[in-house]
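Following: one structure in structure tokens, then a few remarks.
We did not get these values from a lab; they are worked out from the coordinates using the rules stated. Being a predicted model, the structure only gives us computed values, none of them experimental. A quick note on method: Cβ atoms are made from the backbone with ideal geometry, for glycine too, and the neighbour counts reach across all protein chains shown.
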Amino acid sequence: MKKTGVQHRLTRVYLVQLLLISLATVLGVWATANIIEHVLVKQALIKEADHYWSLVEENPTQPRPNTRHLLGLLSSDAVQDPVPDVLADLPDGYQRVDLAGERPIVYIEHRDGARLYLIFDEKRVSVLAFLFGILPLTGVLLVIYITSFLGWKKSRDLLSPLVQLSDALRHTPVNDPSVARPDLSDIAADSGSEVAVLVAALDGYADRLVSFVERERQFTRDASHELRTPLAVFRANLELLVTQVGDRPLIRRMDDTVDDMEATLETLLMLARTEQHSQQSEDVIVNDLAVNLIERLNPLAERKQIRLQVRQTALLSVNCPEAALTIVLTNLVRNAINYSGSGDVTIVVMDKAVQVVDYGAGMDADELARVLQPFERGGSGSLEGGHGLGLAIVQRLCERYDWELMVASEPGKGTEVRVQFS
């Protein structure tokens, strides 16, 4: 797996830096050696030959150069030095020659019938170059390498708390509110450093955020409980009203609205409990759950002249809390009943997905973009069609359990809502 963290990128930059420094050093040494050999040594030998000829003009018996690094041989009418055969056959000029198992630099020049051979022994010069050039250069490189290493190590030490912080935030299971607060106590940051300030700020922010979410859940639980009492009173009065004036369409609509509000309160209460305490997952047969849901919601559908049905194309089992899946399917079917007007509402159980289809008025693109927002309702539904929370709750649960929610709708053709299980 390709590593793309900050520390890995920093290490790669460090290695590339060392590679470029080493490459530049090698190229510099190679260029310097070539300059010394082809420019400096060549010019020195040419100047040495000119100097020798000028001395010969003043003193024909001038001895040839013979130093620690340079040997001169002369071949003329008056002087016949022992010139090796391999040199006698060479043209004039600057060149390297295989001589006695070595490759010295040789400069050959003739003037006035005499031929001068200058043989330069570069080995001794190379030793001096190594002592006074390569060794100091090696020391400079070591200083550069050590400095770069210390800089890289210091950078890793400075970034290490940030990497720990990012890992802690990345691996915090935000879908589980019981453990959603990240534990930042193990992050080692120098006291007073910018990272320590950042960790403290994030820690305080997490405390405020968890407190806010807890207040929201507490309000949801309290409101759900408190609203049950007036709804129960309202339902009892409706039943008393039916006994006095009889069953009438207006009373049935009021009764349906009470059912919807009770279902919404139960959903909110169950959702609050589900988010506060991790629910036990189990293998839920979606086919059986859909059939039971049809039986439970069928009275509501009949009052709205809607036929509920289940179409099964596969046996679907999902490992999840049954309460969560029940909330999802109940809200989808209730939404379909409330907004379809009349006709059929079908629950389709397929491989790795369940779909709720109605053939009502449908929604246009603008309504479809708003429909997953809390307290937003489809504009084509009836006045008593809902409270705008159903699909928002469904989306919230789908995000928590990594299910994919897809909504497709077209005006005049109905709506299809699909939950794709992972």
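Things worth noting here:
- Extending 7 Å from the Cα toward the beta-carbon at both Ile285 and Leu240 defines two label points whose distance is 4.5 nm.
- Put a plus charge on the Cβ of each Lys and Arg, a minus charge on the Cβ of each Asp and Glu, and nothing anywhere else: the dipole of the stretch 20-123 about its Cα centre is then about 400 debye.
- Computed from the Cβ-Cβ distance with R0 of 51 Å, the FRET efficiency linking Glu57 to Val16 stands at 0.25.
- Per-pair calculated FRET efficiency, R0 = 56 Å: Thr25 and Arg111 via Cβ, rounded to 0.05: 0.85
- For the stretch 394-402, backbone phi angles converted through the Karplus equation (6.51, -1.76, 1.60; θ = phi - 60°) give residue-by-residue couplings of 4, 4, 4, 5, 4, 5, 5, 9, 6 Hz, Gly and Pro being listed as x.
- Cβ-based net charge around Ile337, under 9 Å, with every Lys or Arg adding one and every Asp or Glu removing one: +1
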